[in-house]
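The values are calculated or read from the model by the stated rules, or taken from the named source; none is laboratory data. Just so it is clear, the structure is predicted and the values come from calculations on it, not from any experiment. Glycine also receives a Cβ, built like all others from the backbone with ideal geometry; neighbour counts cover every protein chain displayed. For the accessible areas, the whole protein counts, side chains as well, though only heavy atoms, and no ligand, DNA or RNA atoms are used. Shrake-Rupley method; radii C 1.70, N 1.55, O 1.52, S 1.80 Å.
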Amino acid sequence: MLLIDCPYCGKRPEVEFHCGGEAHIARPEMPTAVEDADWGSFLYYRTNPKGLHAERWLHGHGCGRWFNALRDTVSDAFVATYEMGKPRPDRDEATASSPSNA
Amino acid sequence: MLERNLARRAPTVSPLVSESSVTVTPLDPQGRLAFRIKPAALAGRGTIDGFDLSGAINSRTSSEEGATMRTALRLGPDEWMLITAADEVDERCEAISAALTGVAHSLVDVSHRDVSFSVEGPGADSVVNSGCPIDLSMRAFPAGSATRTILGKAEIVLQRRAADSFTVTTWRSFAPYVQGFLVEATRG
Amino acid sequence: MSQPFRRPSGGRIDRSRPLAVTFNGKQLEGFAGDTVASMLIASGQHLAGRSFKYHRPRGILSHGSDEPSALLSVDWRADRGAGYRDPNNRASVVEARDGLVVNTQNHWPSLETDVGAVNDLLSPIFVAGFYYKTFMWPRKFWDRVYEPVIRKAAGLGEAPEVRDADRYSNRHAHCDVLIVGAGPAGLAAALAASADGEKRVILADEGFEPGGALLNDVTSEIDGKPAMAWVAETVATLDARENVVILPRTTAFGYYNHNHVCMVERVSDHRADAPEGLARERLWQVRAGEVVLAAGSHERPLVFENNDRPGIMLAESVRAFVNRWAVLPGNELVVVTSSASAYRTALDAKAAGMRVSIVDIRLDADCGTELSLARDGGITVRTGHTVIKALGGKRVTGLVVAPISANGSIGEKTTLACDCVAMSGGWTPSVHLFSQSRGKLRFDVELDAFVPGTSAQAERSAGACRGVYDLSAVIADGAKAGGGSSTPQATVSFAGFQPVRVLPTDADATKIKAFIDFQNDVTAKDIKLAVREGFESIEHVKRYTTTGMATDQGKTSNMNALGLVAGILDRPLPAVGTTTFRPPYTPVTFGALIGPARDELFDPVRRTPIDPWAEKNGAVFEPVALWRRAKYFPQAGEDMHAAVARETKAVRTTVGIFDASTLGKIEVIGPDAAEFMNRIYTNAWLKLKTGGCRYGLMLREDGFVYDDGVVARLAEDRFHVTTTTGGAPRVMRHMEDYLQTEWPDLDVFLTSITEQWAVIALQGPNARKVLEPFVSEIDLAEDAFPHMTVKTGYVCGVPCRLFRVSFTGELGFEVNVPADYGEAVWKTLYEKGQKHGITPYGTEAMHVLRAEMGFIVVGQETDGTVTADDLGLSGLVSKVKTDFVGKRSLTRPDMVAEGRRQLVGLLTKNPDEVLDEGAQVVDDPGQPIPMKMIGHVTSSYASSNCGRSIAMAMIDGGRTRIGETVFVTTPAGFTEAVISNAVFYDVKGETVDA
C-alpha cells in the first residue's frame, strides 16, 4: 500500500485516496471552439511515461481535497505532492530513483 | 393537527457488550453541522458563535460540555464539523448564519446523518488500529486530533479526546458495521 | 512411543513440562520447547510423509520454515471439531503442545504402505512437462479419465471441507524501524536502533524463541560469554525498553510499497490453554520508517541419487536437533559437504555421542582450519570424495561414496553404513523480502549467491541474508544496520564453501533420481531435459519443470536449479537470471488475510431507517450497492410475481408507500450554486424558481450519460440534489472534482445529506388523501403544490422537505424527514393510510412502474456508452447553453452518426413471455454464426397494469424501426418481438396531475 503525502494532511495510506489520472490537462476555456481532433486528445490521450508522471489524487477519505503528485511509475516513489493550481515542480529522474518512501 | 416532534428520535444501534477493558459505547444524539467556508472568507475570524475555527487541519477544538458545548473538528482546509447539543441546532444555525451574512459559506444540519461511538480504555488505540490504517501514536495523532479516515470498509471521522479515549463517527447506515467491527476488535 | 533418541540432558527444552502429541493415531512424547519434528526424531520416526508426484517416502530435511517434505495435516483443536484443521503444516515449525493431533499426507492406505508409490516406478512418464505431453490424446479422455485422476493424485494435503472456525484479527502498526529476524544480526540491529529510547522499534521473528542460528550453537562465545547468554542479555535489554515491541512467532511474509510490510503472528496455536475466541493469528500491517532485514540464510542440499531418503537432512538441521532439541537423528552419521560449516555439525554430533565421519567434496587444500580440527577430534574425513547414491527406502541405510581423481573420473566405491546423513552444499542468503521490496540483486561470485545490491526503499539488509557469515561480522553488521556500531569479539565461524550443483557420478544420469526440488519432486534430470528441449531462461525452466514453484518457494532448491542450468548452458550464473521472489515468504492462511471480514463484517450492509419495519413486515430484500432494499412484500402464499402484480396495481388504483431513503442526496450551497448546476447538468437551471424541481441529466465530459435525478431549488443559493442509489459517491466526487480543479473561482459547497433524510414515497391516486391529515404549514392542493415542486413544513410534527414528484407516473409525493424520525413517520402514514388501501411496495414494483412509463434507470438502460439522444432525452439537453460538462462531445462525429443504438420498447409476440434482461437481439435468426447483434434487452417485466410483458431495449437505429419484428435470444432459442415506443402505460401522461 502506497504512502501518500497529502499537501493538507501529511503522509496517509493509499486506501484513503482515489487516483484521478494524469494531471495538468486543462479543460479548454471554450470547448465548443475546439476542433474535434483536439477535443478527442483532451478526452482520451494520455502520456504513459516510464518514470516521473504527474497525477491527480483525491484524498476522499481524508480532507476531501484534490491535489497533484509527481510519482515515479517505475519505483512508485512520490517525488512531490502539491496543491491544485500550482505548477509541476521541477524534479528530475535522479531524485525519483533514490531510495525513500516519499 | 399533530404536535411537533410527535415521533421520538430512534436509536440507530443497540449497544453491544465488549468483554475487554476497552468499551465501545454508542453516544446520544448530538447536533452536528457541516460547515464549509473558504479560509479567505473567514477574514481573520477565529471564532464564530463560540466555535473556535482557528485549529489546524485535522484538529479538534472544544469548549465545555452539555448545553453550551461547542466542538469544532477541522476536517479539511475549508471544512469543519461543528458539534453542539442536539436541541441547540436551530439556534446555532441562526447565530452562525447571522454572523456570516453576505459571506459565502455553507451550513447543513447533518445531526441525523451521523452516529458516534466512544472507544475507551487501555489499548483503545489498538482497537481502532485494527481497522484504521493511520498512525495513532501520541506523537502522530495526539489528543485533540480529528480526521476523516477509514475503519475496515467504512469511512469514519476519528477524534482523539485523550490517550485512551476516541470518538468514532460514521454515517448511520454504516453504524452497525462500525460498532460490530470495533466490538470484535476489542477481543484482541 | 517413548523417546529413545532424546539425549539425557541439554537442549532448549523444558524437561519439567512433558507433553504428548498424537501422530497418525499414536502418542508422541516430548517437552515444552519441542517442535513436532524434534518429537518425531526423539521417537526415531523419520518417515514423515509421501512426496507430491512419485509418492516417495520422505523424512525431515530441515529444522526451519524452509522444510519442503515433512508436511502435516494438523488438528489444532481436535476437541472442537474439523473447523480447526488445516493441511501442509511443516513439522519443523509446528510448536509442540498437548492436544495436537497431526497426520501425514499424500498416501493411501497408509504412510508405510502407499499404493501411489507405483508412480515412482512409472516415473519415466512423469518427466518434466509431462502434463503437456501425456494428456494430449484422446481428447474425450480429458473429462472422464485424466482430470479426475490428476485431481485425486495431485496437490498437497487435503483442503478442509468445513469452514474455518477460528477467529483472526488484524492490526495496523507504525514504527520507525522494523527489524525482520531476531538472530544475532537482528538483535544487534534492534539494540542499536532502540538505544535512544525514542525510536519505535518492532523486532519480529518467525520462531518462538529469539536467537536465530545461535539457538543451535553450543560452542560459540561472544565477548567471552556463551552465545545464548549474549542473546538472553540482549533480549532482556530490549524487553526493558518501552520503545521496543518484540514479536515472536511472527513471519514477515510480504514487503510492499513504501515500507509496508505484512506479517502474520501465530497467537494461539501453541497454547494448549487458549480460550475459545482467542484469535488464532493476527495480521500485522506495518508501516516502517526504515526496515532492517536480518532474515538469515538457507542451507543448500547436495544433489545425488536418492538424496531424498528419510534420514538425510541438512547439516545445520542435524546440528539444531542435536543441540537445541537434544535429540539424535540417528546413531551413525555421515556428513557430506562442500561447506566448512558442516564440520561444526560433525563435531557437535560426535560430542553428543553419534558415530561420525565426513565426506568432503573439496580437496584438503581447499579446506580451512575446520579440517584439522575434525581430524584432530578423531573424525574420519574423506576429502575429494563424491556421493554416488544413498541406500535404503523408508530410511537411509548407507551411502556409496568414491574418490574423484584429478581428471574427474570416479574411483573405487565404498559403502558407508549410516542411519543419518547431514548434507551441506553451502548457503543461500534469504533475499526473498529484499527482492519483494524491488531491491536489485547482485550476484557475488565469491559467495556463489545473489545478495542485496541496490535498495529500492528505506531498507538495509544485515548479516547472513547479505552473505555475511562470520559471527563477529554478523553482529557488527546488524549494529550498523540499526544505526549504531559494535565490535564484538566472537568465536570465529567456519565459513566458506565450494559450489557444487550435482555431485559427480558414473551412473547413467538419465536413470537416476537426484532431487533438486523436494516439494515438487523435480530431479536434476528433469532440469536437464528442459534445457535440452530448448528452455533456457530460468523463468521458463521453472514453469516447465515446476522447480521452485511449490509452497516452499524454492528456498532449498533455487540455487541448485540455477547453477545446474547455467552449467549445462555453460554460461555465467547471473546470465541465466534469477526467478522473481513473490509474497508470501511462507504460506499464509486465508483466515489471516481476511481477518474479521466475515459474516456481518464481510461488508457493511447499509440499512435504511425504515428497514426494521420492512423486516418485520416480511419484506424480501435485495442488495443495491452496499444497501439492502426491500424488493417486495409478499403476502401469504404469494411469490414475487404475484406480490409485484398486486403492489403495482395498488399504486395505479389506490396508493403505494415506498422507501426511497437510499437515493443519493447532496446539498449544493453558495452564491454560485445555480451557475454550478448549469455547468454540471445538461439542462438549464438559472431560471428554475425557488420551490421548483427539475429532472436533471448529468454527462461525463465524453458526452455519455453519467447520472440522473430530481433536483429541487430550496433557496436562491441552495439546491437539494438527488442521485441514483449506487451513484451517490461518484456523483459527489465528480462535482467536487470540477469545483476544485476547473472552477475554483465558484463559491459553491457540497454536503452529502443522503443519510440525513429518510425518504418516504407516496404514489397513487390516493396519495394526497393519505398525506393530508399529517401535514402542517404546507398546502397540498393541486394549484398550490403542483407536480415538480418542493415545500418545507411539517409531517407528523417533524420538519419535512416535501417533494411533489413521481417516478411512477401517478400522483406522488416524496416525504423527506430527518432520519431518526423515518420509521415513526412511515408507521403513522402506513397505519392511517389503511383506509385508503395503502400498500407497501418494493424495488421490483418500483422498477415495473417506471418501466411502464418508459422512465430510464441509469446503469440499466445505460452502460457508459449511451447519450441523452440515444435515450430519446435530447429535449433535456440545452441547445442554448454555451457550455456544460459533456456538451462539446455531443457533436463528435460518432456521437451524431446514423444507426446508434437507441432506446425502444419490445413487445413479445406472446404477451406472457418475459424476455431476459441482457438478451441479444438479431434481425434474422437464420443467418450463419457469428450473427450480427443489433441490440440488447435492458429492462423486462411482466406488467399487470398493461396486462402483458413489457421490455426496453437498445436497438441499432431503433426509433426508425418502430413496428418492425426482431428476434431475441432466450434459453430455448429465438423468440419474436415487435419494436415499439418505450412508453407502455398512460401514454398521454394524465395521471400525474390528478
message = Restricting to DSSP H runs of at least four residues, report the calculated mean residue ellipticity at 222 nm for chain A, -39500 (n - 2.57) per run over all residues, nearest 500 deg cm²/dmol.
response = -3500 deg cm²/dmol
request  = Can you tell me how much longer the chain between C:Lys879 and C:Glu638 gets when fully stretched, taken as 0.36 nm per residue apart minus their C-alpha distance, in nm with one decimal?
outcome  = 81.8 nm
query = Roughly how crowded by other chains is peptide B:71-77, in terms of the mean Cβ count from those chains within 10 Å of each of its Cβ atoms?
reply = 3
query = So for the protein assembly as shown, taking the charge dipole from beta-carbon charges (+1 Lys/Arg, -1 Asp/Glu), which of C:Met354, C:Val244, C:Val775 sits furthest toward the positive end?
reply = C:Met354
query = C:Lys511: which lysines have alpha carbons under 16 Å from its alpha carbon, excluding same-chain residues fewer than 8 sequence positions away?
reply = C:Lys389, C:Lys525, C:Lys528
key: All aspartates and glutamates inside 17 Å of C:Lys542 as judged from Cα atoms, apart from same-chain residues fewer than 8 positions distant   = C:Asp517, C:Asp521, C:Asp526, C:Glu533, C:Asp552
inquiry  = So if each residue of separation counts as 0.36 nm, and I subtract the Cα-Cα distance between C:His787 and C:Thr589, what length gain in nm does that give?
reply    = 65.4 nm
query = Rounded if a/c is under 1.5, else prolate if a/b beats b/c, else oblate: with a ≥ b ≥ c from the C-alpha gyration tensor eigenvalues square-rooted, which is segment C:702-742?
reply = oblate
ask   = Rounded to two decimals, what ratio of Rg to Rh does segment C:689-833 give with C-alpha atoms and a Kirkwood Rh?
value = 1.00
inquiry  = Need the C-alpha centroid separation for segment C:766-824 versus segment C:1-77, integer Å.
reply    = 75
task = Could you sort out which of C:Lys225/C:Lys440; C:Lys791/C:Lys832; C:Lys791/C:Lys827; C:Lys631/C:Lys769; B:Lys153/C:Lys440 sit more than 32 Å apart by Cα distance in this structure?
result = C:Lys225/C:Lys440; B:Lys153/C:Lys440
note = Here, C:Ser405 and C:Leu121, labelled 7 Å along Cα→Cβ, have an inter-label distance in nm of 3.9
key: segment C:301-425 - percent of accessible surface contributed by carbon and sulfur, probe 1.4 Å   = 49
message = Nearest 100 Å² is fine: what is the total accessible surface buried where chains C and A meet, probe 1.4 Å?
response = 2700
query = Three principal axis extents, largest first, for the C-alpha atoms of chain C, in Å?
reply = 114, 71, 56
remark   = Here, B:Ala95 and A:Met1, labelled 7 Å along Cα→Cβ, have an inter-label distance in nm of 4.0
C:Glu539-C:Asp506 FRET efficiency (beta carbon distance; Förster radius 25 Å; 0.05 resolution) = 0.15
message = Binning at 5 angstrom from zero up to the longest distance, how are the C-alpha pair distances of segment C:301-425 distributed in percent?
response = 2, 13, 24, 25, 21, 11, 3, 1, 0
ask   = Which lysines have a Cα less than 28 Å from the Cα of B:Lys38, not counting those fewer than 8 places away in the same chain?
value = A:Lys11, A:Lys86, C:Lys665, C:Lys687, C:Lys689
Rel. contact order, % - alpha carbon contacts under 8 angstrom, at least six apart, segment C:314-428 = 30
query = For C:Ser317, what is the net charge nearby, where nearby means another residue's Cβ is under 11 Å from its Cβ and Lys, Arg count +1, Asp, Glu -1?
reply = -2
ask   = Across chain C, where is the longest run that never hits chymotrypsin sites (Phe, Trp or Tyr not before Pro) in a DSSP loop with at most 16 other C-beta atoms within 10 Å?
value = C:209-601
request  = Leaving ligands, DNA and RNA out of it, rank C:Asp924, C:Asp273 by accessible area with a 1.4 Å probe, largest first.
outcome  = C:Asp273, C:Asp924
With 10 Å bins from 0: P(r) over segment A:3-97, alpha-carbon pairs, percent = 16, 42, 30, 11, 1
ask   = Is the shape of chain B rounded, prolate or oblate, going by the alpha carbon gyration tensor and its root eigenvalues a ≥ b ≥ c, with a/c under 1.5 for rounded and a/b larger than b/c for prolate?
value = oblate
key: Cysteines, chain A, no other Cys beta-carbon under 4.7 Å   = A:Cys19, A:Cys63
message = Cut-off 16 Å, label point 7 angstrom out along Cα-to-Cβ of C:Arg271: give me the residues of segment B:161-188 whose amide nitrogen falls inside.
response = B:185-188
query = Taking the Cβ of C:Asp364 as the center, what net charge do the other residues with Cβ under 12 Å away carry, scoring Lys and Arg +1 and Asp and Glu -1?
reply = 0
inquiry  = Rolling a 1.4 angstrom probe over the protein chains, ignoring ligands and nucleic acids, what is the accessible area of C:Arg961 in square angstrom, nearest 10?
reply    = 40
ask   = Roughly how many Å² of C:Asp196 are accessible to a 1.4 Å probe, to the nearest 10?
value = 80
ask   = Across the residues of C:888-895, average count of Cβ atoms on other protein chains within 10 Å?
value = 4
task = Quantify how strongly other chains surround peptide B:129-141 by giving the mean number of their Cβ atoms within 10 Å of each of its Cβ atoms.
result = 6
key: Cα centroid of segment C:362-401 to Cα centroid of segment B:16-65, whole Å   = 75
key: Label-to-label distance, nm, for residues given as C:Asn981 and C:Lys616 (7 Å Cα→Cβ offset)   = 4.5
Listing of segment B:8-23 residues, each with accessible area lower by at least 30 Å² in the full protein assembly than in the chain alone (probe 1.4 Å) = B:Arg9, B:Ala10
query = Under the rule of -39500 (n - 2.57) per DSSP H run of 4 or more residues, summed and divided by the residues of chain B, what mean residue ellipticity at 222 nm is obtained, to the nearest 500 deg cm²/dmol?
reply = -4500 deg cm²/dmol
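Please list C:Lys225, C:Lys835 from largest to smallest accessible area, probe radius 1.4 Å, with all protein chains kept in place.
C:Lys835, C:Lys225
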request  = Could you work out how far the C-alpha centroid of segment C:154-197 sits from that of segment C:102-118, in angstrom?
outcome  = 33
note = Taking every other residue with Cβ under 11 Å from the Cβ of C:Gly453 and scoring Lys and Arg +1, Asp and Glu -1, one gets +2
inquiry  = Keeping every protein chain present and rolling a 1.4 Å probe, give me the accessible area per residue for chain C in Å².
reply    = 38
Placed amide H near C:Val245: partners under 5 Å, 5+ positions off or other chain = C:Val201, C:Ile202, C:Leu203
ask   = How would you classify segment C:663-753 from its alpha-carbon gyration tensor, with a ≥ b ≥ c the square roots of the eigenvalues: rounded for a/c under 1.5, else prolate if a/b is greater than b/c, otherwise oblate?
value = rounded
inquiry  = Could you work out [θ]222 nm for chain C from helices alone, using -39500 (n - 2.57) per DSSP H run of at least four and dividing by all its residues? Round to the nearest 500 deg cm²/dmol.
reply    = -5500 deg cm²/dmol
query = Can you give the accessible area of C:Glu615, probe radius 1.4 Å, in Å² rounded to 10?
reply = 110
key: GluC sites (Glu not before Pro) within segment C:892-976, DSSP loop, no more than 11 other Cβ atoms inside 10 Å   = C:Glu898
task = Output the relative contact order of chain C, whole-number percent, from Cα pairs under 8 angstrom with separation of 6+ residues.
result = 9
query = For the protein assembly as shown, what value does the Rg/Rh ratio take when both radii are computed over Cα atoms and Rh is the Kirkwood radius, given to two decimals?
reply = 1.04
